[in-house]
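I have placed the structure first, in the form of C-alpha cells, so that the comments after it can refer back to it.
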Amino acid sequence: MILQRDKVKKNPFQIIQNVDELVEMKKKSILITLDLWEAQKKLITKHKFNLGLEIASDQSLGPIKNDLHYFKLIQFKFITFKDGRPFSLAKKLRRSYNFKNEIRGSGHILPDQYIFLLRCGFDSVEIEEKNLETWLKFLEMDKGIYYQP
Amino acid sequence: MYKYTEQDKKIVKNRTKEFKFQVERRINGDLTEEEFKPLRLMNGLYLQLHAYMLRVAIPYGELSDIQLNKLAEIADKYDKGYGHFTTRQNIQFNWPKLLDVPDILSELAEVEMHAIQTSGNCIRNVSCDHLAGINSEEVEDPRPWCEIIRKWSTFHPEFSFLPRKFKIAVTGSEKDRAAIKVHDIGLKIVKKLGTIGFEVFVGGGQGRSPYVAKKINDFLEKKDLLNYLEAILSVYNELGRRDNIYKARIKILVNELGQEKIKELVDEKFEELSDKSLELNQNEINNIFNFFKLPIEKKTNSKVPIHSDKEYNHWLQQNVINHKIRGHSIVVISLKPPGKPPGDATSSQMRELSKISKDFSYGEIRVTHEQNLILPHILNSNLYELWSRLKKLGLSTPNFGLITDTICCPGLDYCALATARSIPISQKISNHFKEYSVQEKIGDLKIKISGCINACGHHHVGNIGILGLDKNGEESYQITLGGSATEKASIGQIVGPSFSTENLIPAIERILKTYEENKKKNEDFLSAFNRLGIDKFKEDLYK
C-alpha cells in the first residue's frame, strides 16, 4: 500500500525484473531497478513508459545524474531502516539535482521515520496495510516544530 | 545559563510522548527488539549486563541547582540512590526499569532535561570546555556555539541514522580541555585579523583504531558553521562504511581517503548544498549569547580566607582555579575520593551540592569530561565555608589533575561489552596513592582506564593508559604511555606485555620510578616521557 502524507493511493507502477517482461507486458507505468536501467537504458527509453526507478540504499546516484528527466518516480529501497543513506540521497535529488517528481521510500522502513522522510524530500512510502494506523499516528503526533529549516 | 524556549519545551514534551508510544509498541510486539534498539538508544536507553541504563544529556556539561536536585530525586525514586557522570559530560542511571523510563523522561522534561541523542548512531550531546566563559585566556565562550549546534543536531531529519555515532566538541581556548582532537568533529574558536571564526578538525576518535583529528579548515566564518557541519555530515552519511561496525566511524573514512580528499569532498558539498536559511545572522547569534551572560556583576577585592588546616590548604592549592573576574574562584569537586568508583555521586551528595551551588555559585554546576564537577563562580571569601561543607559530603578530595584523578569506564561491573573490570583498578590506584604528598610529588599525571578496546575510559590518551583484557578467562591489563587529549593530542604507545591485576600497581610504581629518576626540574610526566622515549620505560619495566 502506498501512503502519501495522510492519503492512501493506488500504485500504478509495476516492478519489472528483466527486459523480456517489459516488452511482453507493455505496462504503462513500470518500476525498474538501477541495475536494469544501467544495462538496458537504450531499449527501455525506446518505449513510452511512465518510468519509475528503484535504487537500493547502498547504491549511489552517480549513474543517473544525467538521466533524471526520464523518471516520474524514484523509489529508495531501504535494505534496513538503520541505513540512513537515502535521507541524504533524497535531499540531494531535491536540492542539488532539482528533481521535482515523486520520491518514495520502500523496503525496511519504520513509521517512526515518517516525519524525517517527509522532511528530507520523500513524498510517499510503501507500507504494510496493518501498520497504516501507526504511520498515521506519527503524522498526527508531529506538530511541525523543528530546529532545522 | 540556557533556558528552554517554548520551542524547546514542545519538542522535548513531544518526544516523551513519542517514546512512550514506542515502548508500548515494543511491549505489544509491534516492534521487534532489533527495531526497538536504535529507537531506545536515540533516547539514551541501553541494555547493559544486568539491567537497562539511562543516559541523561547534560548539554555541554552545564546544570542548574534545580536540575541537579531532580537528578538526585530520580536516583532515589527510580534507581539505587546514585548516578554516574560520564566522559561526555552526561549522567547515567544504571538500574531503571523499562516501564519507568517514560515517567523518568517526563520528570526530566519538567526541569528542561532529556535523554535525546545520548546514544545511537546520531549526533550526540555536544561537549565543551568546562572552563568556558570563566577563564581569561579564551577567544570566545564556546557554550553558545554548543547550544546552536545542539539545536541544529537535535532530530536532524537527515542525520539520525548515520553509519555510527557522531561526537562534536568545542573549545574557545588555545589550551584544549575538551579533547576536541579525539572527537569526530572538533571546533576551536580562533581570532584572525580581528574576526572570530573556527578551526575545524575532523576524524579523531579512540576505540580499536585511535586517530588524532585532522584539520580541514583554518578559518570557517561564523555564519557558515551549520552549513559546513551539514557538508561534513552529508559526506559521512553517504560514504561512511556500513559493512563493518568497527570501521564505520568518520575517522576511518578520513584515514582511508586522506586529509586532502576529505577536505575536497566537504568543500564541494559545502558549495553545492549550502542553504541560505541555515546561515547564522548576528541577531540569532546574539540571542543565544544573551543566555550565557556571567551572573557575576563586577570584580571585587574579596580575599581567600586563611586557615591553618592542612587539608584546606591542599584543596586550595589543587582544586581551586582563578576566575576571570577578580575576587572569584572556580572550584573543582573531585568525584575521585580514595576507593570510590570515579564519576559516581550519591543522591544525598547531589541534593546537598544543589543547595551549595545555590548558596555559593548562582545555582550553576558543571560536569567535566574528566568526570568531576565544577562550581564555576565562587566569591573568594566563601572558600573556607564552601570547603567545610564539601568536606562533610566527602567531596573535598584535593586531587584534581593528579594521579588519582583517573578517568574510568564502567567496565565489566556494568557493561556488556567489557573484557575486564576497570572500576576496581581505579579504586586500587586511588587507595594506593591516596596521600596528597605522594601525589603532589608525582605532579600532573593523567591515568585513564578502559575495560575494553572500545576505549570509553579514554586509555589511548592517558599519559598512562590502562586497557583491561581477557586472557584465557583472566583479567589482564595492557599499559600505554604518552597519550594526551590536549591541544598536543597524541595516542599512547603500548609499552609491552600486559600485567595481572596483582602486578599492575607495581608496574605503575616502576614507571613512576623511571620518571622520578630521569625527570628534569619541573618537568611533568608527559614531557619527560616525550623526551626519554618509550624504550627507556620499557627497559626499566621489563628488566
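The values are calculated or read from the model by the stated rules, or taken from the named source; none is laboratory data. Keep in mind that what you see is a predicted model, and the values were worked out from it rather than measured. Because the Cβ atoms are built from the backbone with ideal geometry, glycine has one as well, and the counts that use them run over all protein chains shown.
If you check residue A:93 against the conditions, is it within 14 Å of the chain's Cα centre (by Cα), aliphatic (A, V, I, L, M), closer than 18 Å to residue B:161 by Cβ and surrounded by 15 or more Cβ atoms within 10 Å (Cβ to Cβ)?
Working: within 14 Å of the chain's Cα centre (by Cα): yes; aliphatic (A, V, I, L, M): yes; closer than 18 Å to residue B:161 by Cβ: yes; surrounded by 15 or more Cβ atoms within 10 Å (Cβ to Cβ): yes.
Criteria met by residue A:93.
Hey, can you tell me all the residues within the stretch B:1-47 that are of a type in the set (A, V, I, L, M, F, W, C) and within 22 Å of residue A:80 (Cα to Cα)? Before you say what the answer is, go through the steps one by one.
Residues of the stretch B:1-47 of a type in the set (A, V, I, L, M, F, W, C): B:1, B:11-12, B:19, B:21, B:23, B:27, B:31, B:36, B:39, B:41-42, B:45, B:47.
The answer is B:19, B:21, B:23, B:27, B:31, B:36, B:39, B:41, B:42, B:45, B:47.
Here are some conditions: (1) of a type in the set (Val, Ile, Thr); (2) more than 30 Å from residue A:120 (Cβ to Cβ); (3) buried (at least 23 other Cβ atoms within 10 Å of the Cβ). Residue B:202 meets all but one. Which one does it not meet?
Condition (2) is where residue B:202 drops out.
Please tell me if residue B:357 is part of a helix (DSSP H, G or I) and of a type in the set (Gly, Ala, Ser).
Judged against the criteria, residue B:357 is a match.
For the condition outside any helix (DSSP H, G or I), within 14 Å of another protein chain (Cβ to nearest Cβ) and over 27 Å from residue B:454 (Cβ atoms), what is the one hit in B:265, B:280, B:294? Let's see the steps before the verdict.
Values: B:265 fails: outside any helix (DSSP H, G or I); B:294 fails: within 14 Å of another protein chain (Cβ to nearest Cβ).
Of the residues listed, the single one that is outside any helix (DSSP H, G or I), within 14 Å of another protein chain (Cβ to nearest Cβ) and over 27 Å from residue B:454 (Cβ atoms) is B:280.
Identify the residue in the stretch B:237-250 that is part of a helix (DSSP H, G or I) and within 12 Å of chain A (Cβ to nearest Cβ) and, among all such residues, is surrounded by the most Cβ atoms within 10 Å (Cβ to Cβ). Break it down stepwise before answering.
Residues of the stretch B:237-250 that are part of a helix (DSSP H, G or I), as a first pass: B:237-239, B:245-247, B:250.
So of that shortlist, the ones also within 12 Å of chain A (Cβ to nearest Cβ) come out as B:237-239, B:245.
Working: B:237: 26, B:238: 18, B:239: 18, B:245: 11.
Applying the filter and picking the extreme gives B:237.
Among the residues of the stretch B:447-464, is any among the charged types (D, E, K, R) and surrounded by 15 or more Cβ atoms within 10 Å (Cβ to Cβ)? I'd like the intermediate steps shown before the answer.
Taking the stretch B:447-464 as the starting set, the residues that turn out to be among the charged types (D, E, K, R) are B:448.
From the residues that got through so far, the ones that are surrounded by 15 or more Cβ atoms within 10 Å (Cβ to Cβ) too are B:448.
Yes.
I need the full set of residues from the stretch B:162-172 which are within 11 Å of another protein chain (Cβ to nearest Cβ) and crowded, with 24+ Cβ neighbours inside 10 Å, in order please.
Answer for the stretch B:162-172, where residues must be within 11 Å of another protein chain (Cβ to nearest Cβ) and crowded, with 24+ Cβ neighbours inside 10 Å: B:162, B:163.
Kindly indicate whether any position in the stretch B:135-154 is within 19 Å of the chain's Cα centre (by Cα) and assigned to a strand (DSSP E or B).
No, the stretch B:135-154 contains no residue that is within 19 Å of the chain's Cα centre (by Cα) and assigned to a strand (DSSP E or B).
Being part of a loop (DSSP other than H, G, I, E, B), assigned by TED's automatic domain parsing to the domain that holds residue B:512 and among the small types (Gly, Ala, Ser) is the filter here, so list the residues in the stretch B:397-426 that pass it.
Once the filter is applied, which keeps residues that are part of a loop (DSSP other than H, G, I, E, B), assigned by TED's automatic domain parsing to the domain that holds residue B:512 and among the small types (Gly, Ala, Ser), the stretch B:397-426 yields B:416, B:418, B:420, B:422.
Hey, residue B:253 hits all of (1) assigned to a loop (DSSP other than H, G, I, E, B); (2) surrounded by 14 or more Cβ atoms within 10 Å (Cβ to Cβ); (3) modelled with pLDDT of 95 or more but one; which does it fall short on?
Result: residue B:253 passes all but (1).
Every residue, every condition in (1) part of a strand (DSSP E or B); (2) of a type in the set (Phe, Trp, Tyr); (3) within 19 Å of the chain's Cα centre (by Cα), yes or no:
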residue: B:169; (1), (2), (3): yes, no, yes
residue: B:187; (1), (2), (3): yes, no, yes
residue: B:197; (1), (2), (3): yes, no, no
residue: B:228; (1), (2), (3): no, yes, no
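Return the only residue of B:279, B:311, B:264 being over 18 Å from residue B:168 (Cβ atoms) and free of Cβ contacts under 8 Å to residues at least 12 places away in the same chain. Working first, answer last.
Details: B:279 fails: free of Cβ contacts under 8 Å to residues at least 12 places away in the same chain; B:311 fails: free of Cβ contacts under 8 Å to residues at least 12 places away in the same chain.
Just a single option satisfies the conditions, and that option is B:264.
Quick check: anything in the stretch A:31-44 within 14 Å of chain B (Cβ to nearest Cβ) and surrounded by 14 or more Cβ atoms within 10 Å (Cβ to Cβ)?
No - not one qualifying residue is present in the stretch A:31-44.
What residue, of B:160, B:234, is in a loop (DSSP other than H, G, I, E, B) and either in contact with a Lys or Arg (Cβ under 6 Å, 6 or more places away or on another chain) or at negative phi (or both)? Give the steps one after another, and end with the answer.
Values: B:234 fails: in a loop (DSSP other than H, G, I, E, B).
Among B:160, B:234, only B:160 is in a loop (DSSP other than H, G, I, E, B) and either in contact with a Lys or Arg (Cβ under 6 Å, 6 or more places away or on another chain) or at negative phi (or both).
Looking at the stretch A:30-45, which of its residues are modelled with pLDDT of 90 or more and hydroxyl-bearing (Ser, Thr, Tyr)?
Of everything in the stretch A:30-45, just one residue is modelled with pLDDT of 90 or more and hydroxyl-bearing (Ser, Thr, Tyr), namely A:33.
Please find, among B:316, B:375, the residue that is within 30 Å of residue B:432 (Cα to Cα), in contact (Cβ under 8 Å) with a residue 24 or more places away in the chain and part of a helix (DSSP H, G or I).
On the way: B:375 fails: part of a helix (DSSP H, G or I).
From the options B:316, B:375, the qualifying one is B:316.
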